[in-house]
Amino acid sequence: MNGRTSSLATRLFVSATAWVVLILTITGIVLSTVYYHSVERAFDRRLNLYLRTLVADVTAPDDPNDKNQDKAIQSLGEPLFELPLSGWYWRVNSLDRAKPESRSSRSLWDADLPRLDNNIPLTASGVRLGYVNGPEDQRLRMVERPVDLGAEGKYLVTVAGDASEISEETRTFDYYLGGTFATLAVVLVLTTIFQVRFGLAPLKRISDSLANIRSGKAERLEGKFPVEIVPLARETNALIEANKAIVERSRTHAGNLAHAIKTPLSIIVNEAGARGLDPFALKILEQADVMRNQVTHHLERARIAARTTIIGTITEVGPVILALKRTMEKIHRDRGIAIDIALQGGAKFRGEQQDLEEMIGNLVDNACKWAEQRVSIEVLVHPPSRGGIDPSLQIIVDDDGRGLSAAERNQVARRGQRLDESKPGSGLGLSIVVDLAALYGGNLVLSDAPIGGLRAELTLPGVA
């Protein structure tokens with residue numbers, strides 16, 4: 001899986017996993033809260049049952065001969081009311097200051113029960129519910145109800161139970177809920193991995209195929225794709241074919257225009273040349289030469305622009321450099337110019353070979369013309385810039401000639417500008433290099449060379 005597809009798969013996996021964890025966490029919290037309140041309501045119903053039994057006892061007439069009734073009230077059917085400091089207590093207090101009296105469960109022993117805050121509102125059934133700290137710092141769930149017996153006085157009936165039953169019940173539920181959701185999360189994450197890995201496999205194949213097209217290893221998308229991906233592959237292939245057709249038409253038009261213009265120009269030049277030193281004829285020859293240079297320049301740009309739109313054209317840099325070295329050493333054999341090469345292995349140019357030859361050839365030819373004894377060619381490959389996907393190719397050509405000032409460097413990069421008419425050439429060399437490099441998204445920078453002359457640094461798109 002290449003970098004971009006892998007990055008997409010990673011982002012999808014992380015996003016899906018985050019959503020799974022978030023949804024399960026929220027669901028777990030909601031279920032735990034609902035279950036806690038459910039357990040609390042069940043606990044409250046139990047307390048209210050004991051409370052109603054006590055209220056019935058308080059409101060019933062006293063029967064001193066019924067000892068079984070006292071025993072039943074004392075336990076309320078719950079043995080924990082008999083066990084000292086068990087966490088289950090009841091108490092009946094008289095609110096009449098003139099006749100203070102109270103009754104309580106045996107479990108309360110000599111301890112006392114706190115009252116609930118009067119700010120807690122009464123429920124529809126006339127009771128008040130809340131939590132308090134009881135004897136032995138027990139956390140108690142308490143229900144109390146005021147009872148008014150008229151002439152017999154007012155009473156406050158209270159029942160409290162150990163709230164740890166609520167928390168333990170909820171904790172057990174949370175334990176099993178957490179285990180269940182953890183297992184579910186693992187299953188969902190594994191399912192997500194499966195879906196992302198195999199669901200994106202067709203996109204990975206398309207990505208790999210496009211990379212092969214861009215690197216020149218293939219010309220179109222090949223292979224079988226799922227029904228959902230087939231339209232994308234078909235339209236991509238159609239786009240590639242349309243691109244090739246446009247390039248071919250551009251080349252044809254450029255060639256036709258070249259023939260259509262160059263022939264009349266040649267006739268004009270021949271006719272003017274036949275008139276010898278006639279000033280009018282000389283002026284025509286001068287302007288015809290300018291027109292020829294303009295036509296050559298713009299046709300070259302049109303030809304280059306058409307070629308640079310071709311997808312998947314890759315050129316090895318090493319063979320081009322070595323071939324240029326042999327050619328230039330032959331051309332400048334009488335001057336004894338030495339050409340040194342420092343080539344980084346595996347350097348490739350994303351473009352056509354003849355364009356690379358033209359750019360480097362112009363730079364090396366220019367360096368050899370002005371060099372005293374030595375020309376140096378260095379080829380470097382730099383890693384992709386931040387956010388980029390391809391490396392950059394840097395070709396450095398140095399000579400040990402006289403060099404150029406800043407103003408001269410700016411002048412020689414202009415079309416048709418020459419500093420020394422004694423040197424052969426049309427003055428289009430460096431301007432062609434500048435135009436070609438720009439069309440490929442690169443640039444040319446002139447500076448001082450460490451060996452004493454001019455340094456030309458050409459930056460072009462490379463291949464990963």
Does segment 263-275 contain any residue that is surrounded by 15 or more Cβ atoms within 10 Å (Cβ to Cβ) and acidic (Asp, Glu)?
-> no
Only one residue in Asp70, Asp63 is farther than 21 Å from Gly130 by Cα, at pLDDT below 90, assigned by TED's automatic domain parsing to the domain that holds Met142 and in a helix (DSSP H, G or I). Which one?
-> Asp70
Criterion (aromatic (Phe, Trp, Tyr), within 22 Å of Glu40 (Cβ to Cβ) and out of contact with any Leu (no Cβ under 6 Å at 6 or more places or on another chain)) met by exactly one of Tyr131, Tyr89 | Tyr131
Filter result for Arg374 (at pLDDT below 90, in the same structural domain as Gly345 (by TED's automatic domain parsing) and either crowded, with 19+ Cβ neighbours inside 10 Å or farther than 15 Å from Ser447 by Cβ (or both)) | no
Restricting attention to segment 214-233, does a residue exist that is closer than 30 Å to Ile360 by Cβ, surrounded by 13 or more Cβ atoms within 10 Å (Cβ to Cβ) and at pLDDT 75 or above?
-> no
Filter segment 109-145 for residues that are touching a residue at least 12 places away in the same chain (Cβ under 8 Å) and of a type in the set (S, T, N, Q) and give the result.
-> Ser125, Asn133, Gln138
Consider Arg292 against the criteria (1) exposed (fewer than 15 other Cβ atoms within 10 Å of the Cβ); (2) at pLDDT below 80; (3) among the basic types (Lys, Arg): it satisfies all of them except one. Which criterion is unmet?
-> (1)
Working only within segment 127-142, note down all residues that are in contact with a helix residue (DSSP H, G or I) (Cβ under 9 Å, 6 or more places away or on another chain) and surrounded by fewer than 17 Cβ atoms within 10 Å (Cβ to Cβ).
-> Arg139
May I ask you to list pairs of residues, at least six apart or on different chains, whose Cβ atoms are under 9 Å apart, with the first in segment 97-108 being farther than 15 Å from Leu54 by Cβ and the second being modelled with pLDDT of 85 or more and surrounded by 10 or more Cβ atoms within 10 Å (Cβ to Cβ)?
-> Pro100/Asn93; Pro100/Ser94
Is it fair to say Gln344 is surrounded by fewer than 20 Cβ atoms within 10 Å (Cβ to Cβ), among the polar types (S, T, N, Q) and either touching a residue at least 60 places away in the same chain (Cβ under 8 Å) or closer than 30 Å to Asn243 by Cα (or both)?
-> no
Quick one: Ser94 ticks every box in (1) surrounded by 14 or more Cβ atoms within 10 Å (Cβ to Cβ); (2) closer than 26 Å to Arg41 by Cα; (3) at pLDDT 85 or above bar one, so which box is it?
-> (2)
Does Ile341 meet the test of being under 21 Å from Val463 (Cα atoms), touching a Lys or Arg at 6+ places or on another chain (Cβ under 7 Å) and aliphatic (A, V, I, L, M)?
-> yes
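The values are calculated or read from the model by the stated rules, or taken from the named source; none is laboratory data. In this text the structure is predicted, and so the values were computed from the model without any measurement. Cβ: placed from backbone, ideal geometry, glycine included. Neighbour counts: every protein chain shown.
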